[in-house]
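A quick write-up on the structure given underneath.
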Amino acid sequence: MSANERATEAADFVLIGAGFFGYAREIIAKLRLRGREVLWFEDRPSTDTFTKATLRLAPALLAGRSEGYFKQIADGLRGRRIRDVLVIKGEAMSPAAIRYLRAALPDATFTLYFWDGYRNMPADSRDKVTLFDRAFTFDSADARADTRLTYRPLFFLDEYAHLPPVSQDIDLLFFGTAHSDRYSVLKRLARAVPPRLRFEKLLYFPSRSVYRFRRVFDPRLRGARRDEFIFQPLGKSAILQLVARSRAVVDIERTIQTGLTMRTVETLGAGRKLITTNPTVSEADFYHPDNIAIIDRDRPSVPDTFFERPYVAPAAELLQRYSLSGWIDEVIP
C-alpha cells in the first residue's frame, strides 16, 4: 500500500472547499498538526474559467455534472471512519448532494463555513444551512438576518505575523483581483492621495481574454490600459514581501458584501495600517482609528494625519483569535 493509500485509509477529516490562493492547503496543514488526517476535495467539479463562470451565471447547466461529482466523492468515502466534514462555501454542492454525503457518513459532524455573502452565492445557499450540525459565516449582516448562522470572521496565516524586517518604501499597497468597481475606486483614490506618497497597485485578471471582455463591456474599465494589470497571480512569498514593505494596505470589498475580507484580517496580522471602503470594520473588536481609515468608494480621501500617527498594536488575545489557529478553534472545536 502506498503512502497516499495509507493516508486515505487513516483519514478522519474531509474538507470540501476551493483551493484558491492556497488557503485550503494551509487549513489542512494546521489540522494535521492537531493529529487529523485530511482528505480535500474542490467544491465544484472543475476549476477552469468556463466552469467557474457557468456556476455563477447559469448553474443549472452544470447541475448534472456537479451531482455526479459529489456522488462519486460520497461513494468513495462510504464506510470510512470520518469524524468531521467541513464544507467551505460549497458553491456547486446542492442540498441533495449534501444529503447524499450525510447518508454515506452518518457518524460525521458536518460544519459549514460561508466565506462569501448570501448575495454573492447560489440561490440555494440558504437551503443548505439546516443540513449541517454547525454553520458559520464571515458576513455579519447575514448572521443578523439568519440566526442559524454564527458570525465568525476570516483569519490570517502565521507568516503575516512574522514579516521580514525590510524598509517600508511603499506608502499604500493594493493587490487583488480586478473585480467589480475596484479599478475605478483605485483611480479615484490615487488622485486623492498626495503625490509624494508611493501607491503600488497590482490588479489581477485570470486571463487576457477576461480582461478584453471586461474592457469592452464594463464601463468602469473605460480608459484602462493592459499594463495596469497583471495576468499571473502573485505567489505567497511575493505578497508577503510587498506587505512587509508597505505602511498601509488598501482593501476594496464587493458592494454586495459586509463581511471583513481576508485582506482586512491579513493586514491586522501583519501589523500594518488599513485603508478600506468597508464601514463594517468600525464594528470589529480590533478597530482603532489610528490603524484603520474608512473611505468613501465614490469620493475617497485619507487624512494626512493617518500616516503621521503611529500604529497601535492590538492585544495578543485579539491576534490569536484572528489567526488560522484561532479560526480552527472556533469552527472545529
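The values are calculated or read from the model by the stated rules, or taken from the named source; none is laboratory data. Remember, predicted model here, so these are calculated numbers, not experimental data. Cβ coordinates were reconstructed from backbone atoms using ideal geometry, including for glycine residues, and neighbour counts include every protein chain displayed.
State the number of residues belonging to segment 54-81 that are over 13 Å from Leu101 (Cβ atoms), under 25 Å from the mean Cα position of the chain (by Cα) and of a type outside the set (Gly, Ala, Ser).
Here the count works out to 6.
Going by what's in this entry, would Pro164 be described as over 21 Å from the mean Cα position of the chain (by Cα) and either modelled with pLDDT under 95 or surrounded by fewer than 18 Cβ atoms within 10 Å (Cβ to Cβ) (or both)? Give the derivation first.
Details: over 21 Å from the mean Cα position of the chain (by Cα): yes; either modelled with pLDDT under 95 or surrounded by fewer than 18 Cβ atoms within 10 Å (Cβ to Cβ) (or both): yes.
Yes: the conditions hold for Pro164.
Looking at Asp169, is it closer than 20 Å to Val250 by Cβ, of a type in the set (Asp, Glu) and loosely packed, with under 14 Cβ neighbours inside 10 Å?
On the way: closer than 20 Å to Val250 by Cβ: yes; of a type in the set (Asp, Glu): yes; loosely packed, with under 14 Cβ neighbours inside 10 Å: yes.
Spelling it out, Asp169 is indeed closer than 20 Å to Val250 by Cβ, of a type in the set (Asp, Glu) and loosely packed, with under 14 Cβ neighbours inside 10 Å.
Please specify each residue of segment 309-333 satisfying the condition of being among the aromatic types (Phe, Trp, Tyr) and part of a helix (DSSP H, G or I). Don't jump to the end; show me each part of the working.
Residues of segment 309-333 among the aromatic types (Phe, Trp, Tyr): 311, 322, 327.
Passing the criteria: Tyr322, Trp327.
Restricting to helices (runs of 4 or more DSSP H) lying wholly in segment 187-302: which have 2 or more residues that are surrounded by 14 or more Cβ atoms within 10 Å (Cβ to Cβ), touching a residue at least 40 places away in the same chain (Cβ under 8 Å) and assigned by TED's automatic domain parsing to the domain that holds Tyr118? Before you say what the answer is, go through the steps one by one.
On the way: elements: 208-217, 236-244, 262-270.
In segment 187-302, no matching helices (runs of 4 or more DSSP H) lie anywhere.
In segment 151-171, how many residues are assigned to a strand (DSSP E or B) and without any contact (Cβ under 8 Å) to a residue 60 or more places away in the chain?
Our first condition is that a residue be assigned to a strand (DSSP E or B); within segment 151-171, this holds for 151, 156, 170-171.
Now narrow it down to the ones that are without any contact (Cβ under 8 Å) to a residue 60 or more places away in the chain: 151.
The number of residues fulfilling the criteria is 1.
(1) part of a helix (DSSP H, G or I); (2) more than 19 Å from Arg263 (Cα to Cα); (3) free of Cβ contacts under 8 Å to residues at least 24 places away in the same chain; (4) under 24 Å from the mean Cα position of the chain (by Cα): which one isn't true of Thr305, the others all being true?
Thr305 satisfies all of (1) part of a helix (DSSP H, G or I); (2) more than 19 Å from Arg263 (Cα to Cα); (3) free of Cβ contacts under 8 Å to residues at least 24 places away in the same chain; (4) under 24 Å from the mean Cα position of the chain (by Cα) except (4).
Do we have any residue at all in segment 91-105 that's more than 20 Å from Phe13 (Cα to Cα), at pLDDT 90 or above and over 24 Å from the mean Cα position of the chain (by Cα)?
Within segment 91-105 (the criterion being more than 20 Å from Phe13 (Cα to Cα), at pLDDT 90 or above and over 24 Å from the mean Cα position of the chain (by Cα)), the answer is yes, since at least one residue qualifies.
How about segment 303-324: which of its residues are of a type in the set (Gly, Ala, Ser) and surrounded by fewer than 14 Cβ atoms within 10 Å (Cβ to Cβ)?
Restricting attention to segment 303-324, the residues satisfying the condition of being of a type in the set (Gly, Ala, Ser) are 313, 315-316, 323.
Within segment 303-324, Ala313, Ala315, Ala316 meet the criteria.
Out of all the residues in segment 26-38, which are touching a residue at least 12 places away in the same chain (Cβ under 8 Å) and exposed (fewer than 15 other Cβ atoms within 10 Å of the Cβ)? Let's see the steps before the verdict.
We begin by selecting, within segment 26-38, every residue touching a residue at least 12 places away in the same chain (Cβ under 8 Å); these are 26-28, 30-31, 34, 36-38.
If the condition is that a residue be touching a residue at least 12 places away in the same chain (Cβ under 8 Å) and exposed (fewer than 15 other Cβ atoms within 10 Å of the Cβ), then Arg34 is the only one that fits.
Among the listed residues Phe132, Phe136, which satisfies the condition of being touching a Ser or Thr at 6+ places or on another chain (Cβ under 7 Å), over 27 Å from Ala315 (Cβ atoms) and buried (at least 16 other Cβ atoms within 10 Å of the Cβ)? Step through it out loud before you land on a result.
Numbers: Phe136 fails: over 27 Å from Ala315 (Cβ atoms).
After ruling out the rest, the residue left standing is Phe132.
Find the residue count for segment 39-65, including only residues that are in contact (Cβ under 8 Å) with a residue 12 or more places away in the chain and over 26 Å from Phe205 (Cα atoms).
Of the residues in segment 39-65, 4 are in contact (Cβ under 8 Å) with a residue 12 or more places away in the chain and over 26 Å from Phe205 (Cα atoms).
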